[in-house]
Ligand code: SF4
């Protein structure tokens, strides 16, 4: 069994298949990576939790990742435990021909080994099968015994009943691997080593590979046009954007105006004049949809890979907080912890009461609010008609900004509620303990996990303040749009 330090891991091997430059930058210039979005970080944490939960399906194992820090140490330790006939290993680390893999769960059987790859997803995708082929190739060669590959993922049908049933929660699917292209793997490994040992990065222009199958970690670095004004290359045919880069265009403002879609032309004007630009026709049409009898609504939801509330499934989106904000600084909230039981009926009833007297309900990106309310309507048929009616009253303020019907150069191509509000309504304070939806989600999880009444009270106050502020920002943006139109008409 080989113990030398390999150069590629399963992750970097797959990175190489996506783009040679990404592989090089990953090793030699990791500081150039885009910042990891908080949502992705949260997803990683949840993935680790599911990995730990899946280990309970095969209890009594040794976790190699907890006993050794470097890959070389992990390799050595894994081999040691295998030679000692350890039955179950977690994060077993094995290598063959410069390729290193870590197996989530490795179980010794009478006839060989069972390997389990754990996914925190409820669906199997083709990329999982491709990953499994690489694992299989390494295990088959390094263990020199028959290996059966399996995928462990979350059963999408599983609903929590009185107590959590781990056997019903996970699904285990065997993966049949009939043919692994050893020549291809060997050639790819050699190509990877050559790239990593080269004196400089391969010269590769951005293209379709930057987002397929995953968004590349070096997206911002490779897209120099986005640096100054925050405006990325528009979604145009790859040949058009590549020709700009070949012409050494370094700035969004150096792009040929005629090539740009209308939305980008207004951004161009805003940057050029360093002033707000707007599409009066669009704004007037949008305002016609909004009644004077209007209120803004914001809803926060929580999701967990392991269901914690009876009759809910993994990753199900559970609403727990809503806030409304309207004329004369009126605001109100609905908060439900779902700690003792499922309180979604109470939640939707209260939201319907808070909004029923208004003809229009402002939201910022109606996707989440619409999905949440319609789902609650399906769950509680007696309220379905009222839920449908509420959704019909939604007026999406985000439509204005995502279409650049109002664009300020300081938006820097970011249209999220905080960024737009920060520029147009700087009087609204944003220095709250919770800054993003993901912060609210994690705070709510802490609330549920905590037994300390003081922590619970502080967290509830922070959550409500966060949600009211979002509703307020939405309402004030509506006022800003009205002011723009009124000023233009004078
Ligand atoms: S952003 Fe695109 S070109 Fe740059 S390293 Fe990533 S995949 Fe390659």
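The values are calculated or read from the model by the stated rules, or taken from the named source; none is laboratory data. Since we're looking at a predicted model, the values are computed, not measured. Glycine gets a Cβ as well: all are built from the backbone with ideal geometry, and neighbour counts include every protein chain shown.
Before moving on, here are some points about what is shown:
- Residue list for region 422-454, filter: farther than 26 Å from residue 408 by Cα and surrounded by 14 or more Cβ atoms within 10 Å (Cβ to Cβ): 438, 439, 440, 441, 442, 443, 444, 445, 447, 448
- Selection status of residue 163, away from the ligand (no atom under 14 Å from the Cβ), in the same structural domain as residue 27 (by TED's automatic domain parsing) and free of Cβ contacts under 8 Å to residues at least 12 places away in the same chain: yes
Here's the yes/no breakdown for (1) more than 20 Å from residue 154 (Cβ to Cβ); (2) surrounded by 19 or more Cβ atoms within 10 Å (Cβ to Cβ); (3) within 16 Å of the ligand (Cβ to nearest atom):
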{"position": "18", "(1), (2), (3)": "yes, no, yes"}
{"position": "31", "(1), (2), (3)": "yes, no, yes"}
{"position": "34", "(1), (2), (3)": "yes, no, yes"}
{"position": "45", "(1), (2), (3)": "no, no, no"}
{"position": "73", "(1), (2), (3)": "yes, no, no"}
{"position": "87", "(1), (2), (3)": "yes, no, no"}
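- Top-ranked residue of region 333-348 - restricted to ones that are in contact with a helix residue (DSSP H, G or I) (Cβ under 7 Å, 6 or more places away or on another chain) and not in a strand (DSSP E or B), ranked as surrounded by the most Cβ atoms within 10 Å (Cβ to Cβ): 348
This table checks each residue for (1) free of Cβ contacts under 8 Å to residues at least 24 places away in the same chain; (2) assigned to a helix (DSSP H, G or I); (3) closer than 27 Å to residue 163 by Cβ.
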residue	(1), (2), (3)
244	yes, yes, no
284	no, yes, no
301	no, no, yes
315	no, no, yes
323	no, no, no
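- Residue match in region 438-461 (condition: outside any helix (DSSP H, G or I), over 16 Å from residue 339 (Cα atoms) and modelled with pLDDT under 95): no
- Pairs meeting the criteria (first residue in region 198-212 and under 14 Å from residue 245 (Cβ atoms) and not assigned by TED's automatic domain parsing to the domain that holds residue 241, second residue near the ligand (Cβ under 9 Å from one of its atoms) and modelled with pLDDT of 90 or more, beta carbons under 6 Å, at least 6 apart or on different chains) are 204/21; 210/216.
- Note on region 1-115: enclosed helices (runs of 4 or more DSSP H) holding 2 or more residues that are out of contact with any strand residue (DSSP E or B) (no Cβ under 9 Å at 6 or more places or on another chain) and in the same structural domain as residue 152 (by TED's automatic domain parsing) are 10-18, 20-28, 38-55, 71-83.
- Each residue in region 141-159 was checked for being over 9 Å from residue 314 (Cα atoms) and either buried (at least 19 other Cβ atoms within 10 Å of the Cβ) or touching a strand residue (DSSP E or B) at 6+ places or on another chain (Cβ under 8 Å) (or both), and 12 pass.
- Per-region count, region 213-225, residues in a loop (DSSP other than H, G, I, E, B) and either surrounded by 14 or more Cβ atoms within 10 Å (Cβ to Cβ) or more than 9 Å from the ligand (Cβ to nearest atom) (or both): 6
- Some residue of region 175-184 being under 17 Å from residue 17 (Cβ atoms), touching a residue at least 12 places away in the same chain (Cβ under 8 Å), loosely packed, with under 14 Cβ neighbours inside 10 Å and within 16 Å of the ligand (Cβ to nearest atom): no
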